[in-house]
Amino acid sequence: MSSLPTSRSRVTSHFILILASMVAAAPIVGVLLVALDRPDAAVGGFGFATHPSLTNITQVWQQGNFANGLSWSAIITGATVAITTVLAVPAGYAFATIGFPGRGFCFRLFLFGLLAPYAALLIPLYFEMRKMSLAGTAWGVILPSAAVSIAFGVFWMRAAFLGVPRPLIEAARVDGASTGRIFLRVALPLVRSAVFVLILLVFLWTWNSFMVPLVLLAGSDIQTATMTMAGYQGGHVDDVPGTAAAALFVCLPVIIVYVLTQRHFMRGTTEGGLKL
């Protein structure tokens with residue numbers, strides 16, 4: 001008799017999850033269906049594909065030069081993620097486990113980086129990048145993006161490393177392990193999910209960024225995916241299927257990365273939320 005309520009609760013849970021998944025997938029499916037239509041099929045309104053074809057998608061890909069935009073977005077995002085991960089993860093470990101003079105003050109500086117209004121700093125940042133001859137270059141976007149992401153990364157990874165049992169670290173020190181060896185062999189494997197969450201979040205923020213590359217890449221031939229989509233949309237206001245195809249090019253890499261890492265993302269956010 002006790003198994004009957006359990007079965008009902010499972011059915012109810014699965015029904016709710018399926019319904020939520022359908023609601024979440026509906027906008028993506030809708031954009032895909034619109035993108036499969038002809039460029040003149042939905043002028044002045046929104047409608048689904050009446051004659052599904054890949055012709056519209058291939059035309060938008062060529063006309064909008066999305067190969068260039070996606071390539072530069074991949075380079076900028078990959079470099080930003082790499083710099084953030086390499087610097088934020090060890091820094092988070094240091095703030096969590098190593099006592100050094102001024103640790104509290106330094107950590108508060110990183111927290112201040114989370115509160116700084118990034119949009120208000122864009123114009124002064126552009127002139128600073130121009131003084132350093134970095135305006136209009138990929139590094140002019142990578143370095144500021146990484147700096148902002150590192151502030152969150154240190155905060156996030158410190159919370160993750162605080163959850164590592166101290167007896168494990170102390171036991172490794174007693175056995176003669178160096179600080180670097182303890183970090184790589186003992187602590188880092190235990191916070192692997194948190195590192196995946198950091199990588200995914202920085203990827204999403206950098207890939208979807210628009211204002212930062214728009215300002216720092218002004219007058220440059222370098223165009224990110226979001227800038228390419230905005231440029232295509234501005235020149236094809238009435239082309240609803242074309243705009244949908246452009247949006248599909250930008251969001252598809254994000255969807256693929258999330259699908260591949262969603263297990264680690266869910267585990268890491270759950271563990272990180274409990275530790276925070």
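We did not get these values from a lab; they are worked out from the coordinates using the rules stated. Keep in mind the model is a prediction, meaning the values are calculated, not measured. Ideal geometry is used to build each Cβ from the backbone, glycine not excepted, and the neighbour counts take in all protein chains shown.
Axis angle, to the nearest 10 degrees, between helix 240-275 and the longest C-alpha principal axis of the chain: 20 degrees.
Approximating the spin labels as points 7 Å out from Cα along Cα→Cβ, the Ala218-to-Val11 distance works out to 6.2 nm.
In this simple spin-label approximation, Leu260 and Lys131 carry label points 7 Å from Cα along the Cα→Cβ vector, and these lie 4.0 nm apart. Axis of helix 192-208 versus longest Cα principal axis of the chain: the two differ by about 40°, to the nearest ten degrees.
Given a Förster radius of 25 Å and the C-beta distance between Trp61 and Met211 as r, what FRET efficiency does 1/(1 + (r/R0)^6) yield to the nearest 0.05? Intermediate results must be reported in sequence, preceding the final value.
Values: r = 25 Å, r/R0 = 1.00.
Between Trp61 and Met211 the formula returns 0.50.
Decide, for the chain, between rounded, prolate and oblate: order the square roots of the alpha carbon gyration tensor eigenvalues as a ≥ b ≥ c, take rounded if a/c falls under 1.5, and otherwise choose prolate if a/b is larger than b/c, else oblate. If you can, show how the numbers build up before the last one.
Numbers: a/c = 2.82, a/b = 1.30, b/c = 2.17.
It comes out oblate by the Cα gyration axes.
Taking a spot 7 Å from the Cα of Ser178 along the direction of its beta carbon, which residues of the range 69-96 have an amide N less than 11 Å from it? The answer is none, because no backbone nitrogen lies closer than 11 Å to the label point.
Protection proxy ranking for 155-163, 29-37, using the average of other Cβ atoms within 10 Å per residue and placing the highest first: 155-163, 29-37. Taking a sphere under 11 Å around the Cβ of Thr97 and counting the other residues whose Cβ falls inside, with K and R at +1 and D and E at -1, yields a net charge of +3. State, as an integer percentage, the relative contact order of the chain based on alpha-carbon contacts under 8 Å between residues 6 or more apart. With pairs under 8 Å counted, the relative contact order is 32 percent.
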